[in-house]
1. Excluding PRO388 itself, what net charge comes from residues whose Cβ is under 10 Å from its Cβ, given Lys and Arg +1 and Asp and Glu -1?
2. Relative to the present Cα-Cα distance, how much length would full extension add between LEU402 and GLU145 at 0.36 nm per residue of separation?
3. Whole-Hz ³J(HN,Hα) for each residue in segment 181-197, computed from phi via Karplus 6.51 cos²θ - 1.76 cosθ + 1.60 with θ = phi - 60°, x for glycine and proline: what do you get?
4. Quote the FRET efficiency, to the nearest 0.05, computed for GLU237 versus ASP68 with a Förster distance R0 of 30 Å and r equal to the Cβ-Cβ distance.
5. Quick one: Cα centre-to-centre distance for segment 451-469 and segment 238-258, in angstrom?
6. Could you report segment 393-439's accessible area per residue, 1.4 Å probe, as an integer in Å²?
7. How many percent of the accessible area of segment 160-255 is carbon or sulfur, using a 1.4 Å probe?
8. Considering the options LEU402, PHE371, PRO388, tell which one lies farthest towards the positive end of the dipole of segment 368-411, charges being +1 on Lys and Arg and -1 on Asp and Glu at the Cβ, about the Cα centre.
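The values are calculated or read from the model by the stated rules, or taken from the named source; none is laboratory data. Quick caveat: nothing in here was measured; it's all calculated off a predicted structure. Reconstructed Cβ throughout: ideal geometry from the backbone, glycine too, with neighbour counts over all protein chains shown. For the accessible areas, the whole protein counts, side chains as well, though only heavy atoms, and no ligand, DNA or RNA atoms are used. Shrake-Rupley method; radii C 1.70, N 1.55, O 1.52, S 1.80 Å.
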Amino acid sequence: MDEKEFNTNEEITKEETGPAEHTQNDEDDTQYEDVCFVCHRPESKAGKMIHLTKDISICAECMQRTMDMMNNGNIDYSKMDFSKMPNISMINLSDLQNMMPRRQKVKKKAAAEETKEPQKKFDIRSIPAPHKIKASLDEYVIGQEKAKKVISVAVYNHYKRVAAGPEADGIEIEKSNMLMIGPTGSGKTYLVKTLARLLDVPLAIADATSLTEAGYIGDDIESVLSKLLAAADNDVEKAERGIVFIDEIDKIAKKRNTNQRDVSGESVQQGLLKLLEGADVEVPVGANSKNAMVPLETVNTKNILFICGGAFPDLENIIKERLNKQSSIGFRADLKDKYDNDKNLLRKVTVEDIRNFGMIPEFIGRLPIIFTLDALDEDMMVQILKEPKNAILKQYQKLLALDEVKLEFTDDALRAIARKAMEKDTGARALRAIIEDFMLDIMYEIPKDDNIGQVTITGDYIEHRGGPLITLRGVPALEMQG
């Protein structure tokens, strides 16, 4: 056997104690716990680690188990000739370094001496007031005044609740989890994503469609907290004061008239109960499932604010059915089709309607704040096109500005685009697809001619009655043939 291939303990010790270059990554690694290379438990749970190399460590339990297997085995290693065994060579430990990615490492917790006196994480005076949060949302989100006001107050109270901590007077502020209901394309996810950019707390956006009961193909319920932990750079204390948005929550409603096991419906709702209420949860670090060989970290969800959102299709029919029960025969009877054209029927939703949709009462009870988003009308569509800071039109104007071409839209064009989007009935998502379709030829032709200085999109072009107006540099406007 080649002596160079065999690393003795003396060589390992010499390698660790020898001079080493200290890089930024080495300094960052001191903030993370050592993780056992075999069982993947962090040092806070497995105990003191035995370091084989600088980056490879094994807990005492796994080391003892390995030694016991070697001593109690029936193999006589002294009589074995490794040189005659094909494809057998000693492991070079240096090849195994850096196999534990940073996203699966756990940050060290504060020392016990530092945590004797409870420290407040936030200064209440520095918390943005609800009107300031709403003013920031107004710059990006059009309409939805009620929704922006509700979410601003809830987040503000969440900040104060975390900052205040447990009080000596015995009054503990309960967290106010939220349920957001609105038709597709009304801005539910966009509202929370915008909030994420404005707040200085970890925020994770998870999708309920992939969640399944533990043991089945799909993401475990704890994966929701895994994303929050990743957003907090695996800092448990920071993650425990964050916000989680669970999108498509209506997809985990109880399944009706099915003979199969409902592994992605009611069982997922029941699994989320402990997260919403507040409990110590074992969370896989850097993975979506506990079955993966990754470290597990305990996260307390008591101070985590949960926002759930969904379109809840067919919920309007449930609301209509409840309202139409008031119908009777006579002069004061309500018409059966009275609510058919009511675009904002979701405003009349009640907890009973959500329960009839398929959400279990225990789940609804842990979401005390329920609010709705209005369906978008034509005027709101036009505003969405041009008014927000990152409006769709501003994005295309910036794209053409890079080619030194000015892009303009007439009011007739904006109205025509909004009408076509309303016909698709998919909310604001339709706007991008419509503009992309009409801008395709323009974005293809403009780079061909350096003389083009301005393009004006007209209503006739959107309605297929003409082409856009092309203005050459120093030449009056011409109409481009569509």
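1. Numbers: positive: LYS386, LYS389, LYS394; negative: ASP138, GLU139, GLU387.
Net charge in that neighbourhood comes out at 0.
2. Details: separation 257, 0.36 × 257 = 92.52 nm, distance 3.53 nm.
Additional length available on full extension: 89.0 nm.
3. Rounded to whole hertz, the list is 10, x, x, 4, x, 8, x, 5, 5, 5, 5, 6, 4, 5, 4, 4, 6.
4. Given R0 = 30 Å and the Cβ-Cβ separation, E is 0.20.
5. First find each Cα centre; the distance between them is then 45 Å.
6. Numbers: 2680 Å² over 47 residues.
I get 57 Å² per residue for this part.
7. Looking at segment 160-255 in its full context, I get 51 percent from C and S.
8. Positive-end residue among those listed: LEU402.
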